[in-house]
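Report on one structure; see the data block that follows.
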Amino acid sequence: MEIAVLGTGMVGRALAARFAELAHDVTVGTRDPATTSVKPEYAAWAVENPAVRLATFADAAATADVVVNATSGTVTLEVLGQAGDGKVLLDVSNGLDFSRGFPPLITAPQDDSIAEQVQRAFPAARVVKSLNTMTAELMAHPDRLPDPGTVFVSGDDADAKATVTYLLTELGHTDVLDLGDVSTARGVEWLMPAWLRLMGAVGSPMFNWKVVR
């Protein structure tokens, strides 16, 4: 499968490396490939992941079967405007505003979500919200916990959710819970304040939610 991962931060790099390891054709999208390629952190990562290409947001998404939005939730709409629509769009972002310090504010109002904003802005995109309720390492390697926990999916398009669920199981997620349409992304995006407090209490981001039923 051809996968475009938009964003070169910790989340984008973790997912891009793992998808490439699973033999997918992966391109990472960034604003300015020339600038990104010489940043020490990205350059070191690229040496370890030579199969992953680097391109502009638009070029990365142009031929992709799945586009992964791993950008900051505060710039998501701007970035996806360059990437186009009509794709399965896996949104793993969280909209966090750290301008007033910690804990951050959630940028989406309580009656909305980033995933819904993306779906409204790009109605031809098939948006699926998932993976935003855990740290990047566990997104890509859930088996690093004794129990991988539960991963949620939200979206309007059943086929798109099936595609994302397939990718999640490839990553190693064994408990995928479909919450329903894209409006259910509000719930998982609003788990982030609790997640941040739990990280402080646990002393590590290496934990996950588990729905016991």
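Within the listed set Lys39, Lys161, Lys87, the residue fluctuating most in the Gaussian network model of the chain (springs between alpha-carbon atoms under 10 angstrom) is Lys39. DSSP beta bridges fully contained in region 2-202 are about 15 percent antiparallel.
Rounded is the label for the chain, because the ratio a/c of its alpha-carbon gyration tensor axes (a ≥ b ≥ c) stays below 1.5. Counting neighbouring Cβ atoms within 10 Å and putting the fewest first, the residues Phe152, Phe122 line up as Phe122, Phe152.
Looking at the chain, how many pairs of lysines come closer than 27 Å at the Cα, when each pair is eight or more places apart or spans two chains?
Lysine pairs meeting both conditions in the chain amount to 5.
With contacts defined as alpha carbon pairs under 8 Å and 6 or more residues apart, what's the relative contact order of the chain in percent? Intermediate values should be presented prior to the final figure.
Working: 411 pairs, mean separation 37.8, N = 213.
Value for the chain: 18 percent.
Dividing the helix sum by the residues of the chain, where each DSSP H run of 4 or more adds -39500 (n - 2.57), gives a mean residue ellipticity at 222 nm of -10500 deg cm²/dmol. Ranked for footprinting exposure by Cβ neighbours inside 10 Å, fewest first, Leu89, Leu167 give Leu167, Leu89.
Comparing Ala16, Ala160, Ala201, which has the greatest mean-square fluctuation in the GNM of the chain with Cα pairs linked when under 10 Å apart? Evaluated over the chain, the most mobile residue of the options is Ala201.
Bear in mind these aren't lab numbers, they're just calculated from the coordinates by the rules spelled out. Treat the numbers as computed from the prediction; the structure is a model and nothing was measured. For neighbour counting, all protein chains shown are included, and Cβ atoms are generated from backbone atoms with ideal geometry for every residue, glycine included.
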